[in-house]
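First comes the structure, then the notes that go with it.
The values are calculated or read from the model by the stated rules, or taken from the named source; none is laboratory data. None of these values were measured; they are calculated from a predicted model. Here the Cβ positions follow ideal geometry from the backbone for every residue, glycine too, while neighbour counts run over all protein chains shown. Heads up: the accessible areas ignore ligands, DNA and RNA and are worked out on the full protein's heavy atoms, side chains in. Shrake-Rupley method; radii C 1.70, N 1.55, O 1.52, S 1.80 Å.
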Amino acid sequence: MRKLFLYVLLMCSPFLLQAQNKKKLDSLLRLNNVYLKKDTVKIKLLLDIHRSYVPFDSKTGLKYADEALELAQSIHHPFFTATAQLQKGQSLQDNGKPEEALQLYALSKQYFESENKKHFNLGSIYVSMGSVYAIQQKSTLALQYVQKGLDFFLDQKQKRGAANAYLALSTSYQQINDSAKAEEALKQSEALYRELKDNLGIALVLIKRGRPQFDTGNYQRALDLFLKALQLLDESIYSSRLYEIYSLLGDIFNRIGDSDKVLLYKQKAVAVAESLGREPLIAESYLNVGVAYFVLNNFDKSLSYYLKALSVAKKIDDKPKLFIIYSKLGPAYLKQKDFEKSWMYLQEAHKLSQELQNSRHIAASLHDIGNYYYTVPDSVLLKRGIAPSQRYQKSLEYNIQSLQLYEKAGDRRNISARWASLSILYRDMGDFKQAYNAYRKFITIKDSILSENIKNEVIRKEAQYDFDKKEAQLKYEQQLIAKELEKEKLLTTQQQQAIQITNQTLILSEKDRDLQRLAYLQEKAKKQEREQELKLAWQDKKLQSSQLLALTREKALQLQTLAKKNALIGFLIASLLGLVLAVFSFYLWQRQKRLNQEKENSMNFTKQLLQNTEEERQRIASDLHDSISHELLTLKNILQGDIATVSGKIDTIINDVRSISRNLHPVLFDQIGLVLNIKTLVERFENQNDFMVMTDIDYQSTLTSSDELQLYRIIQEALSNVIKYANAHAAKITLQATEKQVLLEIRDNGQGFDVEKTLNSGKAFGLHNIIERARVVGGTTQLQSTSKGTVISIVIPQKS
Amino acid sequence: MPSILIADDHPFSLMGTKVFVESLGYRVVDCCSNGITALNLIKLHLPDIAILDINMPGLSGLEVLQQVASVRLPTRVILLTMHREKSIFEKANQYGVYGYLLKEFAQNELDDCLKKVNQGKLYISPNLQSELVQDKTHSKDGLENLSFAERKVLALIAEHKTSKQIAELLFIAEKTVEHHRANIIQKLNLPKEKNSLLVWATANYKK
């Protein structure tokens, strides 16, 4: 029964989605740990584990395939042996051992061709063999086998197999440079994967489609495809695909010239490589990050990554990579002015390049050395046994050698770069004719490359735009996918739960039977016990009744003390609560009081304001009536009289009008400016009241004219208060404007007053007037008053 | 004969001034009734003298004066106004006004003013100056020569305050008080003896 359930579970497993792969793997590994029998179930389990490991950790996967194969051989099960051979072969192929893989495939093929012709493993074998031949560059054979596999799958209507086969087919076509057919195969593959909703598969296809675009310089299209692929992969599950995508994206951004994005993706690639534990990838990713930092002029970080890459590359003895690392380390140390280390690595690089017999590498190492001679200080040059006067000559030799090698290799970019350095060298040597010629060559070659660069620049801009657009879209799509995943997750958990439940019911039904029997026996035993107990109980009863009495008494006592304790605690809590409530209500009451007071103050203010307006009008009216009309009347009466008297009378009238209007509003306030107005006000105030007012003004008009008028009114009000109430010797007005604020201060040395009380008295219209006016211009007012004087200060924060 | 431009928003006033100025024998090149036109016409004709009212639409006479001063036009500006405020006159003075006349006294003063200004001299209405003086309280106690601050200081000396106390009471520096003291002694012709000022103040100065 259990076996059947395991089977059901295992059969479902391939259909679980990629995102759940890890979860599935965990549960499989757990099963594997508890399932210790050596039978076909175990083999199936091991093979499933292997399959789960394939996408992201082929090394560990290989172990499980190996174990499965051994087990299958030991129990002589031909089907599983062949299956395990196939799967182990695939892992070997992934781990870079195509020959061994091919042997296993052949064995597996033998079995399936003779015994189990319809099984889909046969198709897989054909395709796998094809891909091995492709790796070995035997393209005709590869094509033949892959096509065979494809036919098989199409015949059997196995979509997944067919999709894989199309994918392999495209690789083979690519090898024989038939890109049209390769593209066609990829399209077929993608369509099938899409039908199967196999994101991993689609991502694979997209990467494959992007690569040729990238190689032919069609960066935008490639970027497009890679980003689509990235979107399909689950970035939380590290796989070699993910590594591939990250490093490809890094390369693309490198070509487009977006250094920050290069660093981002290369670092992501490092994380993936490290978690996969594959040394070649790790070394490569460290190297790439080092280069990215170098481009960003962060040489410390760059060096540390190069050194990390170096140690890994040394471990796996990857010579081409070692050369690249050496050739990066030399210039990096040179930038850091560590000339000894730089020299050492330059020499290492040169040695290795000759050992590898790669002319481009040799050329690169040569001009690096040339550059070294050019850059280092004289003392280092002497150490190398070269006279400082020979510096340029030496550098020139190396650069020319390098140039010749590049010319042989036809590497235009590097040829132009060499001519540029040669031109600089000739210039420094004073040979301007040669320098000119070299520079012309540099320009000519550069121009031809430049047209390509311009094209790339345009693409970069477009790509950036598309990238931003796509990211927004991506987010949205990912949200959709996440939602779908959630649903499917729910579904699978439900399925799993259902399976568990059935499983448990089955176990229970077996247990049930046992239990029934047990229950029967138990009942019997109980009956016996009870009979005995009854006898004993009767004897004990008398004793118990007396004990019971004592117990009840004791309990009553305990209850009483408990009740007392409880009462105390209750009382404490209640009083605490009461206290909190009291504080809170007191606070509320205070607040309410304050609010009421404020409300009353503002009401009083408005009332006073209205009343004052009325009074003001009355004053103007009476002024006009008493002085002007009166004077005019007299004027009318004496109109016939002496012209001088008339003229004098008219002058009086004009002066009256002047003084009325001046009292109403300072004349031409906005044109005269605040400072002069204050000075006039103060002067007039001093003369009218015989009272000294000092001014300390440091102000350039920073406020609007209407705000300035409010300040003027405040000063007027404050001064009038000082004269009315303060009984002071003098007053002082300070006006200071800084970048942050405007400060107005009116200070007197009078007798002072109780600020709080006065404000709340309902009569302090002047003070409220000051506060309100300050508020209108966005300022805050502070009133301080002691028996030694009063300070009114108003601060208006400046709007920047 | 110097050329003159006149600007006033009141038509009667404008025409009156024009006819009056012409009757004095001057050449009026142009007239207008708002500040912006006035400025433009000044730039156009570059008259020797411009007679401007202060209250005008567009730009005030004060603002026209400011513009004329800031671009250093050769035209000399006379303000002809009803405003007798010291603050306005001071502002006009800052901008370099050549003449400041009150309309009510123009009939008597304009001729004089134009002559002075034509000679490159300043002319400020004597009536304005009297007004400025008039603002102050007239003291009849022989202390006319003392400034306002000096009288305040003297009052406090009479109350037997020290220089330090006076400084604190009047919000000024102690040095300033000493300075005032010296001035008072000089102005009142007091003997240069110790305490002479204190003695004099206690004896003579009553609040």
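At-a-glance table
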item	result
For the range A:658-671, 3J(HN,Hα) per residue [Karplus equation, 6.51 cos²θ - 1.76 cosθ + 1.60, θ = phi - 60°, Hz, x = Gly/Pro]	4, 5, 5, 5, 4, 5, 6, 7, x, 5, 6, 3, 5, 7
Accessible-area composition of the protein assembly as shown, carbon plus sulfur, in percent [1.4 Å probe]	54
Along each principal axis, Cα extent of the protein assembly as shown, largest first, Å	149, 130, 64
Note, ³J(HN,Hα) from phi for the range A:600-616, Karplus 6.51, -1.76, 1.60, rounded to Hz, x at Gly and Pro	4, 4, 5, 5, 4, 4, 4, 4, 4, 4, 5, 4, 5, 4, 4, 4, 4
Kirkwood Rh and Cα Rg combined as Rg/Rh, the range A:550-694	1.62
Contact surface A-B: accessible area buried, both sides summed, square angstrom, 1.4 angstrom probe	2700
Cα gyration tensor shape of the range A:119-197, rounded if a/c is under 1.5, else prolate or oblate by comparing a/b with b/c	oblate
Test item: A:724-733 mean partner chain Cβ contacts at 10 Å	3
Dipole of the range A:669-797, positive end: most advanced residue of A:759, A:797, A:741 [Cβ charges, Cα centre]	A:759
Accessible area per residue, Å², the protein assembly as shown with all protein chains present, probe 1.4 Å	57
Heavy-atom accessible area order for A:428, A:215, A:378, largest first, 1.4 Å probe	A:215, A:378, A:428
Segment residue A:603-residue A:791, extension gain: residue separation times 0.36 nm, minus the distance between their alpha carbons	65.1 nm
Placed amide H near residue A:742: partners under 5 Å, 5+ positions off or other chain	A:796, A:798
Charge dipole magnitude, Cβ of K and R +1, D and E -1 - the range A:669-797, Cα centre, debye nearest 20	320
In order through the range A:179-192: 3J(HN,Hα) via Karplus (6.51 cos²θ - 1.76 cosθ + 1.60), integer Hz, x for Gly, Pro	5, 4, 5, 4, 5, 4, 4, 4, 5, 4, 4, 4, 4, 5
Residue order for A:59, A:542 - accessible surface, 1.4 angstrom probe, largest first	A:542, A:59
Estimated inter-spin distance, residue B:45 and residue B:118, nm [label 7 Å along Cα→Cβ]	1.6
Within the range A:759-785, backbone nitrogen closer than 20 Å to the virtual label 7 Å beyond the Cα of residue A:593 toward Cβ	A:759-763
Over chain A, relative contact order from alpha-carbon pairs under 8 Å, at least 6 apart, %	4
Pairs of alpha carbons in the range A:669-797 whose separation is greater than 18 Å (percent)	50
Other protein chain Cβ atoms within 10 Å, averaged over every residue that makes up A:681-689	3
DSSP beta bridge pairing in chain A, given as percent antiparallel to the nearest 5	75
Sequence-separation-based contact order of the range A:669-797, relative, with Cα cut under 8 Å and 6+ spacing, percent	23
